[in-house]
1. Give B:Lys51/B:Lys213; A:Lys56/B:Lys79; A:Lys94/A:Lys129; A:Lys94/A:Lys234 a once-over and call out the pairs whose C-alpha atoms are over 27 Å from each other.
2. Checking the cross-link filter: which aspartates and glutamates have an alpha carbon closer than 20 Å to that of A:Lys19, excluding same-chain neighbours under 8 positions apart?
3. In percent, what relative contact order does chain B have, based on Cα pairs under 8 Å that are 6 or more apart in sequence?
4. Based solely on its DSSP helices, what 222 nm [θ] is calculated for the protein assembly as shown when runs of n ≥ 4 H residues each add -39,500 (n - 2.57) and the sum is averaged over all residues, nearest 500 deg cm²/dmol?
5. Identify the chymotrypsin sites (Phe, Trp or Tyr not before Pro) of segment B:210-307 meeting these criteria: DSSP loop state and at most 15 other C-beta atoms within 10 Å of the C-beta.
6. Could you give the dipole magnitude of segment B:11-96 about its Cα centre, charging the beta-carbon of Lys and Arg +1 and that of Asp and Glu -1, in debye to the nearest 20?
7. Which of A:Gly12, A:Gln48, A:Cys59 sits closest to the plus end of the dipole of segment A:4-85, meaning its Cα is farthest towards the positive end, when Lys and Arg get +1 and Asp and Glu get -1 on the C-beta?
8. Hey, got a sec? Which GluC sites (Glu not before Pro) in segment B:247-324 land in a DSSP loop and have at most 11 other Cβ atoms within 10 Å?
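Rule-based calculations on the coordinates, nothing more; no lab input. Only a predicted model underlies this, so the values are computations on that prediction, with no experimental measurement involved. Using ideal geometry, Cβ is built from the backbone for each residue, glycine included, and neighbour counts are taken over all protein chains shown.
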Amino acid sequence: MLSLEYLQECYGFNHSKWKINGEILDTEKGVKRLTNWTEEKRVRWHVQWRDQLAEKTGCLTNRMIQTIHGERIILSDAGWVTLHDEVTSLFSYKNRENEIGAFFGRYFSLGMQDVDTEINDPYANNKLKIYLQQSFLTKNSTEEMRFLEGIRRESRLRYNKAKEIKEKAGGKQEPIVAPIRSLDQGKVVYGQFYWTNLKGRPEKGYGSLRNVLTEWLQRYGQTSLFSLLNEIDKEFSLKGYHGKNLLAECLTPWEFLEYVMKTRDVHEKDELLVWKEKLTYQWEASRLLVKALGEWLDVAQEKVTV
Amino acid sequence: MSTNIHIRQKPIGAVLFQYDLYPEKIETVGKVKKVHTANGIYALKETEMGKDESEWLIHVIKRLERIGFHYVVPILPSKYGDYVLRYGDLAYYLMPWYEDHTKFRHPVHPEEVMVEELAKLHGLTERTQEYSEKILEESYETLKKRWTYRRLEMERYADQIEGNVYLSPFQLTFLTHFQRSLHMVEQAERHLSEWINGAKEKKSFRSVLCHGKPSRTHTCFDQYGTAYFLNFEKAVLDTPSRDLALMFRHFFQSRPWDEQEGQHWLHLYERHFALFDEERHLFMSYLAFPESLYQSVDAYTREDNKITELQAVTQLEKKVLTMNRINRFMNSVFKKESEEE
């Protein structure tokens, strides 16, 4: 762990103390968070991503603060360390479809396609395909196995439909972005929107956009979602192949894969019940999003159902 | 860069956040916000600037730092290393607050210091340009065309008001001195021709980094009389004659002066950065053309003219006075040269 004295010297703080050891610093220049990285190429990609996102959107993001010598990344025994502002107040998105739609539109059209680090491409591994192909039923099937088999069949239908849409849309360039897991990554500072990027691998595809839209629909309803989509579309055209691919992404039964992976070694009935509830919740969320998105894209002829 | 997304921005707060500045008080001083913080006082400049312009400004400031020209108010980087922060068409940059002194610990003549430091700036950034007769001709033709057009405009105005039965005091003053202004136009054109002929003969011309708006308001003096230039937003690579003429024009308008003083300033400049003969002609042609006088006519004839007749006449007379002084200054500089020859 880097010492407080060393950090003070690097960043030119006069006073600082740990709020959380090795993680959060309280300084005269505000509260700062240290982020540790184990891959140099990934941290460099994130520096570039955050700088470009800030430049293209004009929004504040958790960019890397430079040392007094102008370095954005410093070395530690365990790898690389960067320093960021720690902003905790959540941003309220209500009635902000225009601005936030523009933000996400630019987020997904940032165009940082040349990636020199490992990326996360959910379609690159075959896990989902494999689990969808084999039946869970045996001679002595338990109730759980029968439940799984039912879900598998439904999921396979979704998967095949998604595949069909994706193939029709054409395998054109998909966005590569910093992963988004929740709208709660949006914070507010000085009355201004501040986006907190996660440190994960760059992500290929539409998974992050799906997360944004799912949460938006749940929080603000379909009318607001349509307004958001209209704004995103101005910057990141969803009426073309991106929209079709996004629809395919929303149809793909990732929640089934997650359920199978998480419950493989679970034997406690209560725990299993929690996972089942989560699956049901996600399944319903996917259904509503696909329905709304289908309506927005006006692809009724596709007869998309979950 | 594309336009910013406006998320109910409070730009000043968001801008200061990027410098980790927590203001205790913010004052507006001209076009600058004076930001008082526990760690010192800063000047935050808000300006309209495109992306290319802001990149150029950063390049200029970095270059000045690299070549060791220290008579500049530095621009401070944000905590992310940005020198200019952009919000749509607006750009912000931060400088330490330099208190501008008008009283000094020993006698100081601000004009002398400014002209010397301008010469040092030009000297450090001097570059001989690849000779191109085409570029020279283009510059010459452009300027000549503009002057011809201005002259025609003024002749037309003079013709128009001459037909009036009653002349306003402004019109009368203008007509009284119009012929003299035409003489200055001819002088300007003569010096411009001398410049191009000299440059063609020499087959070379040089450029320097011109401040672009050298004036007292863009200079801060410390208590010892050292001047620091600020606002390099209009900086450009061009002939030193241009920047020097701009500075002289500013001096001429800011206080009374005479040709001896003009010669003294030119001498001080040339002590650090001697002009070539053709550059001196160009400098003089810039000064001689009575653009400032003609601008008074533009202002007077504009529909939204808000100044009174008395103010208009006073301004015009001041400009006539300056024009006459420039004439004497011009004659004294070239008379001195011919005597030296």
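1. Cα-Cα > 27 Å for A:Lys94/A:Lys129; rest within.
2. A:Glu5, A:Glu9, A:Glu28, A:Asp85, A:Glu86, B:Asp20
3. 19
4. Computed mean residue ellipticity for the protein assembly as shown: -17500 deg cm²/dmol.
5. Sparse-neighbourhood loop chymotrypsin sites (Phe, Trp or Tyr not before Pro): B:Tyr224.
6. It comes to approximately 200 debye.
7. A:Cys59
8. Sites meeting the loop and neighbour criteria: B:Glu303.
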